[in-house]
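Trainee: Before anything else, here's the structure in question.
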């Protein structure tokens, strides 16, 4: 194994000498485009409209007659997902011409959640994938230019699920997080420490254990994932199962105590069957010295890439406890619909607009609900002002109001540098679960109905209680559920209801990065006093008062003096 590490070091040194000059030239070309972002964006848009003029969407919106940005804005409305759903559903049935031009192919769909819990399908065309990969390439090469010592080291990534089913037309569906690794350049693939099939291990503990079994013997230099809470869960599990991991590394095995499908276990055997007593002894010595098994002792300061900003980036503040003083690079604004920003500096939750991956417009936050809002191009934004993002992409979206709120932090050339803040709509997004107000209200109603509970006002608040996993605080009046046993049954039913309607919430709960909801019981009459104060403050009648089922402002908890807080005993659900 010592010889293997020496060889890897030689490969890394050669890779740095060869790759860094290539990376620098590649990113230099992108920097030149940023200085002409206005021209690049408009040329991208007009070229895309002409390519798609014979699609059904193109016919319906007169693409053939569009010659200017003003024409485009006049003929294509700002729209939410529901506007595109009939066209996307047609593509899912095999009617590709609804959105996909004749000279492109539909490869598959990615999936996300909608406001009603129904999954949304996002087309992956050959053009979209090319632009998506290029945006990732710009992000990656800039990161390695800044950290040349990481070139040639192993990459630990969190593989997502590749097979999420098929559309009625038989088209495969995947998580967007799988695309980068699956379509990676052949010269880069050998540097991935985790094979793609590990993402298909359904049980999260078994999946994390397998990832650690494969990566602990490696020289990990780069960690790529989105949610920092997921990474913390991984390393905590590694410490929890340290004896088993060391035994497997020493013996060349993978413990049978974990639910790993037989075919995946067999495929991984070529990687795991080689015994490594030297590495096992190194890990044992770490435990003897520190009493724990954390990455700051078994890896050499890997570069961590994840979300650093927004609500999801909160837990990155705990990395130093597990990794020591390590560099961190924001993942950027990435969604199932594409990669929209490219972070270019460490420790900043912001990135430059991905001007070659689509056409972007922006609504000032104060005008989001206006019937005739001001619409701005990227070069027209003002620093430290907030905007809602509109995107036009090669997946078939045009002026799509995705609901992301961003803040302009500056410019590179003519391209804005953007920080993601939150979802515009009422949506809980502590760890990427995207629980909507609709989903919460539905789950509360179902839970209360099943238990024969009559509830008054209820509001959920995404909450981060210190070092414990984030969760949802659910505020009710104490008299609504006075019995503590019944209150716990209600919380359990609510938790299960959210898992049934939102697969991302279910995944985060099973992974342990999201805690169970907590019931905050306030005095009887407290909601009535609150409502009256709000009516008085707004100067509107109580008929127009609309009670929020979910708010994003955690300071709401400070508006009340709780009677008590009820928690569930089991932090991670068994199903």
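Trainee: Looking at the stretch 389-426 only, could you name the residues that are in contact with a helix residue (DSSP H, G or I) (Cβ under 7 Å, 6 or more places away or on another chain) and over 28 Å from residue 90 (Cα atoms)?
Mentor: Hits for the stretch 389-426 are 405, 412, 413, 414, 415, 416, 426.
Trainee: Another question, if that's okay. When you go through (1) closer than 30 Å to residue 28 by Cα; (2) touching a helix residue (DSSP H, G or I) at 6+ places or on another chain (Cβ under 7 Å); (3) at pLDDT 95 or above one by one for residue 151, which number turns out not to apply?
Mentor: (3)
Trainee: Exactly one of (1) surrounded by 20 or more Cβ atoms within 10 Å (Cβ to Cβ); (2) outside the structural domain of residue 112 (by TED's automatic domain parsing); (3) over 20 Å from residue 385 (Cβ atoms) is unmet by residue 358. Its number?
Mentor: (2)
Trainee: Can you tell me how many residues within the stretch 55-72 are free of Cβ contacts under 8 Å to residues at least 24 places away in the same chain, in a loop (DSSP other than H, G, I, E, B) and touching a helix residue (DSSP H, G or I) at 6+ places or on another chain (Cβ under 7 Å)?
Mentor: Of the residues in the stretch 55-72, 2 are free of Cβ contacts under 8 Å to residues at least 24 places away in the same chain, in a loop (DSSP other than H, G, I, E, B) and touching a helix residue (DSSP H, G or I) at 6+ places or on another chain (Cβ under 7 Å).
Trainee: Give the stretch 508-533 a look and list any residue that's surrounded by fewer than 21 Cβ atoms within 10 Å (Cβ to Cβ) and part of a helix (DSSP H, G or I), or say none.
Mentor: 510, 526, 527, 528, 529, 530, 531, 532, 533
Trainee: Please pick out the residue among 487, 448 that is out of contact with any helix residue (DSSP H, G or I) (no Cβ under 6 Å at 6 or more places or on another chain), in contact (Cβ under 8 Å) with a residue 24 or more places away in the chain and part of a helix (DSSP H, G or I).
Mentor: Just one listed residue meets the conditions, 448.
Trainee: Ok, one more. What number goes with the only condition from (1) assigned to a loop (DSSP other than H, G, I, E, B); (2) more than 25 Å from the chain's Cα centre (by Cα); (3) modelled with pLDDT of 80 or more that residue 570 does not pass?
Mentor: (3)
Trainee: Of everything in the stretch 319-331 that's touching a strand residue (DSSP E or B) at 6+ places or on another chain (Cβ under 9 Å) and at pLDDT 95 or above, which residue is surrounded by the most Cβ atoms within 10 Å (Cβ to Cβ)?
Mentor: Residue satisfying both the conditions and the ranking: 330.
Trainee: From the set of residues in the stretch 332-349 that are over 25 Å from residue 220 (Cα atoms) and modelled with pLDDT of 95 or more, which is surrounded by the fewest Cβ atoms within 10 Å (Cβ to Cβ)?
Mentor: 340
Trainee: Quickly run through the stretch 192-213 and pick out the residues that are buried (at least 19 other Cβ atoms within 10 Å of the Cβ) and assigned to a helix (DSSP H, G or I).
Mentor: 198, 199, 204, 205, 206, 207, 208, 209, 210, 211, 212, 213
Trainee: Any residue at all in the stretch 431-445 that is in contact with a strand residue (DSSP E or B) (Cβ under 8 Å, 6 or more places away or on another chain) and closer than 22 Å to residue 306 by Cα?
Mentor: yes
Trainee: Okay, next question. Hey, which of the strands (runs of 3 or more DSSP E) in the stretch 73-163, taking only ones fully inside, have at least 3 residues that are more than 30 Å from residue 501 (Cβ to Cβ)? Reasoning before the result, please.
Mentor: Numbers: elements: 106-113, 119-125, 154-157.
So the answer is 154-157.
Trainee: Of (1) crowded, with 24+ Cβ neighbours inside 10 Å; (2) part of a strand (DSSP E or B); (3) in contact with a helix residue (DSSP H, G or I) (Cβ under 8 Å, 6 or more places away or on another chain), residue 433 satisfies all except one. Which?
Mentor: (2)
Trainee: Could you name every one of the helices (runs of 4 or more DSSP H) located completely within the stretch 266-327 that has at least 3 residues being over 30 Å from residue 349 (Cα atoms)?
Mentor: The helices (runs of 4 or more DSSP H) meeting that bar are 277-290.
The values are calculated or read from the model by the stated rules, or taken from the named source; none is laboratory data. These numbers come from a predicted model, not from an experiment. Every residue, glycine among them, receives a Cβ derived from its backbone with ideal geometry; neighbour counts consider all protein chains shown.
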